[in-house]
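What follows is calculated from the coordinates using simple rules that are stated; it is not laboratory data. Remember, predicted model here, so these are calculated numbers, not experimental data. FYI the Cβ positions are ideal-geometry reconstructions off the backbone, even for glycines, and counts take in every protein chain you see.
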Amino acid sequence: MASPIWLIILPLITAFGLGIVKIFSKKLLKPFLALSATIHLILVIDVVIRAFEEPMIYSLGGWDRLFAINLVIDPLAAIMALLISVISYLVVIYSLSFIKEDKSKYRVPKYFLLLFLLIAGMLGMVLTGDLFNLYVFFEIAAITSYALVLIYKRDGSLEGTFKYLLAGTLSGVFILVAILLVYLSTGTLNMARIAVKFAEVPGQLKSIILILFLTGFGIKFALVPLHTWMPDVYPEAPAPYNAISSGVGIKASLYAFIRVIYVLFGFDFIANTELTSLLVVWGVITFMVAHLMAYQQKNLKRLFAFSSIAQVGYIIIAVSLATDKGLIAGGFHIVNHALMKGAIFLALGIFIYYFKAETIEDIKGLGRSLPLTSFTFTLAALAMIGLPPFNGFLSKWLIIEAALESGYTVAAFFIPVGSLLSLVYYLRVLQSLYSSGEPKPRVDFKRPRLSLELPAVILGFSCLLLGIFPRLPLDMLGQISHYLLDSSNYINLLLGG
Amino acid sequence: MRKLYCLILAILLASMFFMAFSGLQEVDMELSNFYLETGVEETGAINMVTAILFDYRGFDTLGEATVIFAAATIISFLLPKKQTTMLKDDFSLLVHKSIKSVIPIVFILGVYLVVFGHLSPGGGFTGGVILAVIAILWTVVFDLEYSESKLSYSTKSLIEDLGALAFVIIGLFGMIAGSTFLASGQAGFYLGTPGEILSGGAIPYLNMAVGAKVGAGLAIIFNSLIKGE
Amino acid sequence: MELTYLVIAILICVGLYAIASKRNLLKIVIGINILESAVIFLFVFSSYRPGGTVPIISGNHELFVDPVPQALALTAIVIGASTTALMLGLVIELYKRYDTLNITEIRKMRG
């Protein structure tokens, strides 16, 4: 019976307490982290189950809902929270073995400190019902992301992070100005109250606010042409960070954007303007450009960065349709992509950890040395392409169906074309993986450590499971549109009707 | 040519911002009106900015304290400790002695700003910055080794951890008292007479936690940035 | 009113131009700072009300400026300062490794 606030403050306490635990005993550090992550996962599951029975509101400081910062846990927020915490849990367990200590003996504690702050930031973004609070957590997630990329201090990571920081700061400024404009034109920061008063805002101001939010969040979830930071950052970052960022980090920004357009602007605004067609076209451009760029890459992490950008394109198409089906399809693709990319990056991390394999050439022959990891990798890659019976196939199918239903035939036509493109480059990767070669392990190596392999395997097989038994996630996702398509439901929920 | 394109882009974006600003209309500021009308009574603090920062929107403040925490963590890691020659002790005895006598005054000013945050302009962030100036003065006027010998990195880091933890724990008291996280007046904390030093419920304590955290965090950031080969 | 907004827009323009056109890392950081200052200026200006005084409620003042943007501006300042510090740390480290502050040359050296 934990209250939802623990989802955010437990990672914070863990991060702040890390320095103090370290003073007592360095050996206690890892058990402490594992324990905290496990408790956190249990709390999240408990809260999510209860939120599905009845959406929850938590007003901070004991103030009236109208004036307090509220945590709002509606079905979409619950699904996102569950997704974030499952991926983060596996990433934390994986990182316990993956991150090696450096000379200064500071890397491991600082890495975990930042990782837990990142988790808190993402959960805060997802759960909050206050616009400015969203910005604060957005910045926590952003600054810890920059920091985690730097954790190896590689030459390339410095320049990549500078680019990332530049893009991130610009996006922060845009969002900040947008929030200030919303505040000045409605007089409040509570999302439900804004939704009530937003109708009176003049149209021109509305469109400028929309542009600011779109570019601001778009930089973070890597809409083409705002994506340029991502392929430069990913190759230099540690693999668990890639998994968490590609899996749920960019999704948190995407979620914030969905929340803003559906709750603030509302269904009427989307239906009465050309927003849907704009975003659908933009989504198609995003995934086509990203697939074509991915095709040319040799570095695996760069390739998967472009592949992540492409998946964002699909999701944007689905959620901007503003139909029940579109939202379910988009939500399902968010979940699936998190699982698939999580599995791929964690498996790739094992390749890097034992064989220093970073390019397509390097992974030759690993299919024999690391059979289970390679199999997981293959499962996830096939799901990414969108082949049946994997989950990726289902969600892409649902997106096509939703697009056809809304009359976007051309977009629906391009989705299989995109899949075909991804088939080409993923097959190249898989072919290299299973071709003959003599990989040189960097340490005495028999088989990968369980704590490294297990998280990857869990995520990889869950792709297959969700593909065969999609009932449960689809049922859960079926509830999200209630609070999105009709913002008065959200308003009634938050302000208590 | 490229510069021209950049200029055009910048002007276009700026004119979009200008259009947005001039499109603003007077509206009923319900949030701030509520804060101004009921703030003193409900929070016990007369400084409304502090009341908003540490009571109504205390969760935001926890978030921003976390941002500094993350920044201090990564900067001290990115720029590891090295013997510094960048700032060698070039000042005369006169400067050393006078700065040593100024430092207690700076300390008092910083503590005053923190402790009186709910009564006068100031608060944990401002006061914390002033407190960080002490460590910065040590580094600039003497040198890094002196500064680190006075207050080592691990001590500052510990202060930062404790400050951040204290913020969360004060927030948890609100939950223990039967209300929600970061509740102060609403959880029945002693609000006192507005305008007196012992008033404002949890606000002064939160100010102290933030002051310690920000001071230590900024001192870590400055000392990390100043290190040379 | 209009004039102040114009000043803010010009500051934003200067900041954006510096970020987009300058090749020197430090100048880019300065550009970001100008941009952030412009936004904070906007915050402070938007809290202004004619005849209002500081929102410290004592004595017999009736009209106060809007305290919310001031509180939000503090948050924005703190976050901006943290990102600036991180950027400067990066610039120092980049300079140590590449011995230049020009971003084009750094890219060239990385290949």
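List of remarks:
- Annotation for segment A:428-461 versus segment C:53-111: alpha-carbon center distance of 43 Å.
- For segment A:387-398, putting each phi into the Karplus relation 6.51 cos²θ - 1.76 cosθ + 1.60 with θ = phi - 60° gives couplings of 8, x, x, 8, 5, x, 4, 4, 5, 5, 4, 5 Hz, in residue order, rounded to whole numbers and with x for Gly and Pro.
- Filter on A:103/B:227; A:27/A:341; A:105/B:156; B:97/B:150; A:105/C:96 - keep pairs with C-alpha separation over 25 Å: A:27/A:341
- Over segment A:409-452, the reciprocal of the mean inverse Cα-Cα separation, the Kirkwood hydrodynamic radius, stands at 14.0 Å.
- The C-alpha atoms of chain A define a longest principal axis, and helix A:409-434 lies at about 20 degrees to it.
- Within 10 Å of each Cβ in C:37-48, the average number of Cβ atoms from other chains: 3
- Karplus 3J(HN,Hα) series, Hz, for segment A:59-64 with 6.51 cos²θ - 1.76 cosθ + 1.60 (x for Gly, Pro): 9, 6, x, x, 7, 4
- Environment charge of residue B:213, counting only residues whose C-beta is closer than 10 Å and scoring Lys/Arg +1, Asp/Glu -1: -2
- Charging the Cβ of each Asp and Glu at -1 and of each Lys and Arg at +1, and nothing else, the dipole of the protein assembly as shown about its Cα centre rounds to 3480 debye.
- Within 10 Å of the Cβ of each residue in B:181-191, the mean number of Cβ atoms contributed by other protein chains is 4.
- Reduced Cα scattering model of segment A:274-479, Debye log10 I(q)/I(0), q = 0.12 Å⁻¹: -0.59
- Segment A:301-349 and segment A:12-64 have Cα centres separated by 27 Å.
- Inter-chain neighbour count for A:112-119: the average number of beta-carbon atoms from partner chains within 10 Å of each residue's beta-carbon is 2.
- Straight-line cross-link reach from residue A:26 at under 17 Å between alpha-carbon atoms covers these aspartates and glutamates, not counting any fewer than eight positions away in the same chain: A:101, A:102, B:161.
- Phi to ³J(HN,Hα) by Karplus 6.51 cos²θ - 1.76 cosθ + 1.60 over segment B:125-133, Hz, x for Gly, Pro: 5, 4, x, x, 4, 4, 5, 5, 4
- For the pair segment B:131-204 / segment A:137-157, the C-alpha centres are spaced 26 Å from each other.
- Protection proxy ranking, peptides C:93-99, B:67-73, average beta carbon neighbours within 10 Å, highest first: B:67-73, C:93-99
- Hull shadow area, averaged, segment A:29-109 [alpha-carbon convex hull, nm²]: 7.1
- Between 0 and 90°, nearest 10: helix A:250-259 axis offset from chain A longest Cα axis: 10
- Once backbone amide H atoms are built at 1.01 Å from N, residue A:359 has A:300 as its partners under 5 Å, excluding neighbours fewer than 5 places away on the same chain.
- The charge dipole of segment A:274-479, taken about the Cα centre with unit charges on the Cβ atoms of Lys, Arg (+1) and Asp, Glu (-1), comes to about 800 debye, rounded to the nearest 20.
- Amide H contacts under 5 Å for residue C:64: C:53, restricted to partners 5 or more places along the chain or on a different chain, H placed in the peptide plane at 1.01 Å from N.
- Amide H contacts under 5 Å for residue B:183, placed H, 5+ residues apart: A:61, B:174, B:175
- Taking Cα atoms only, the orientation of helix A:29-53 departs from the longest principal axis of chain A by about 40 degrees.
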